[in-house]
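Worksheet: the structure to be examined is printed underneath.
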Amino acid sequence: MQSVIQFPDLSPEIFTIALFGFEFSLRWYALAYIAGILLGWRLVVRLMKTDRLWPAERAPMTPEQVEELLTWVILGVILGGRLGFVLFYKPGYYLQNPVEIPMIWQGGMAFHGGLLGVMTALILFCRKHGIALMSAADALALATPAGLLFGRIANFINAELWGRPSDVPWAVVFPGQLATQCPPDWVGPCARHPSQLYEAGLEGLLLGLVLLYLVYRRGWLKTPGLIAGVFFMGYGLARFVVEYFRQADPQFITPDNPIGFVLHWHSAGVTMGQLLSLPMVALGVGLILWARRRA
């Protein structure tokens, strides 16, 4: 039997209190959203107070405008993330149960949908206030990896979105697995890649450090669109790679397609996460080339 790591005794809830006959819980996932948004907000405010980083040494927004933008971003994350999950991953189910679409407390948020929601909110906000769109996008791109880092760690604590079965020494036996989700010839506990931590390290920590270096050491904010391009390309590549280790969503898994490919040929294919990441890579490369040529 291979050596495995048992999932630690972690609860998705930090604490629960009862008031007037109702129970209120603070969950790690909610705390991750809050921490990511607050840290990103403070980082963008600091950027707007450092004129030397921007074109013509003038920040595109005031700190007060950043606070207003925060409200727009929160709405974009929640609405876009939920609608993205509904449309990309379970359209058939929610078509039959539309009343459950607003029930975000039951889980179900898609990063790609949340990103589209934030992009829409940013475009509308910049048009309303006459703000340079690409510079504002660069600022939000720099702020996003912190939220991704916290969010993926919360996914691990929640024991959700785990990876494919593996016998690597750091493989984890997650709770709540069904016997049918393990290979029929698997011997012993069905240990899996902790793919949530892979994503936290690549999409959050590594990508965030790269962007910080390019902003503060290389001055890339002076060329609008470059940082946003690196973020899109970096996230898309990181997500595409991690999908090789991540368990696909159950609605894509069948006896004939145990990996959960949405497009496949013989033993190879691409998952939904990879399919949604390819346009991000293309967008990132396009933004970098456009920004360089414009400069």
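What is the one condition in (1) within 20 Å of E160 (Cβ to Cβ); (2) among the aliphatic types (A, V, I, L, M); (3) surrounded by fewer than 18 Cβ atoms within 10 Å (Cβ to Cβ); (4) within 15 Å of the chain's Cα centre (by Cα) that L26 does not satisfy?
Answer for L26: the failing condition is (4).
Every residue in the stretch 198-231 that is part of a loop (DSSP other than H, G, I, E, B) and free of Cβ contacts under 8 Å to residues at least 60 places away in the same chain, please.
Selection gives R217, R218.
If you check every pair at least six apart or on different chains, which have Cβ atoms under 6 Å apart with a residue in the stretch 51-69 that is in contact (Cβ under 8 Å) with a residue 12 or more places away in the chain first and a residue that is open to solvent by 40 Å² or more (accessible area, probe 1.4 Å) and assigned to a helix (DSSP H, G or I) second?
Once the first residue is in contact (Cβ under 8 Å) with a residue 12 or more places away in the chain and sits in the stretch 51-69, its partners that are open to solvent by 40 Å² or more (accessible area, probe 1.4 Å) and assigned to a helix (DSSP H, G or I) give P55/K222; A59/D51.
May I ask you to verify whether V99 is open to solvent by less than 30 Å² (accessible area, probe 1.4 Å) and of a type in the set (V, I, T)?
no
With (1) small (G, A, S); (2) modelled with pLDDT under 90; (3) not in a loop (DSSP other than H, G, I, E, B) as the list, and G236 as the residue in question, which single condition is left unmet?
(2)
Tell me which of these C190 doesn't satisfy, since it passes every other one: (1) modelled with pLDDT under 95; (2) surrounded by 18 or more Cβ atoms within 10 Å (Cβ to Cβ); (3) out of contact with any Cys (no Cβ under 7 Å at 6 or more places or on another chain).
Going through (1) modelled with pLDDT under 95; (2) surrounded by 18 or more Cβ atoms within 10 Å (Cβ to Cβ); (3) out of contact with any Cys (no Cβ under 7 Å at 6 or more places or on another chain) one by one, C190 breaks only (3).
Looking only at residues that are in a loop (DSSP other than H, G, I, E, B) and over 19 Å from the mean Cα position of the chain (by Cα) in the stretch 97-151, which one is farthest from D249 (Cα to Cα)?
G130
What number of residues within the stretch 116-129 satisfy the criterion of being open to solvent by 30 Å² or more (accessible area, probe 1.4 Å), farther than 7 Å from G80 by Cα and not basic (K, R)?
Of the residues in that region, 5 qualify.
Is one or more of the residues making up the stretch 37-52 open to solvent by 30 Å² or more (accessible area, probe 1.4 Å) and of a type in the set (D, E)?
yes
Of (1) in contact with a Gly (Cβ under 7 Å, 6 or more places away or on another chain); (2) open to solvent by 70 Å² or more (accessible area, probe 1.4 Å); (3) within 21 Å of P145 (Cβ to Cβ), L79 satisfies all except one. Which?
With (1) in contact with a Gly (Cβ under 7 Å, 6 or more places away or on another chain); (2) open to solvent by 70 Å² or more (accessible area, probe 1.4 Å); (3) within 21 Å of P145 (Cβ to Cβ) applied to L79, the lone miss is (3).
Checking T144 against (1) open to solvent by less than 40 Å² (accessible area, probe 1.4 Å); (2) touching a residue at least 12 places away in the same chain (Cβ under 8 Å), only one condition comes out false. Which one?
Every listed condition holds for T144 apart from (1).
Filter the stretch 1-23 down to the residues that are touching a strand residue (DSSP E or B) at 6+ places or on another chain (Cβ under 7 Å) and either open to solvent by less than 50 Å² (accessible area, probe 1.4 Å) or at pLDDT 75 or above (or both) and list them by number.
V4, I5, Q6, F7, P12, E13, I14, F15, T16, I17
Quick check: anything in the stretch 149-158 open to solvent by 30 Å² or more (accessible area, probe 1.4 Å), in contact with a Phe, Trp or Tyr (Cβ under 9 Å, 6 or more places away or on another chain) and charged (D, E, K, R)?
No, every residue in the stretch 149-158 fails to be open to solvent by 30 Å² or more (accessible area, probe 1.4 Å), in contact with a Phe, Trp or Tyr (Cβ under 9 Å, 6 or more places away or on another chain) and charged (D, E, K, R).
Within the stretch 150-164, does at least one residue satisfy the condition of being touching a Cys at 6+ places or on another chain (Cβ under 6 Å) and on the phi < 0 side of the Ramachandran plot?
Scanning the stretch 150-164 turns up no residue that is touching a Cys at 6+ places or on another chain (Cβ under 6 Å) and on the phi < 0 side of the Ramachandran plot.
The values are calculated or read from the model by the stated rules, or taken from the named source; none is laboratory data. Everything quoted here is computed from the prediction, not taken from an experiment. Neighbour counts run over all protein chains shown; Cβ positions are idealised from the backbone, glycine included. We work out accessible area using only protein heavy atoms, side chains counted, and drop any ligands, DNA or RNA first. Shrake-Rupley method; radii C 1.70, N 1.55, O 1.52, S 1.80 Å.
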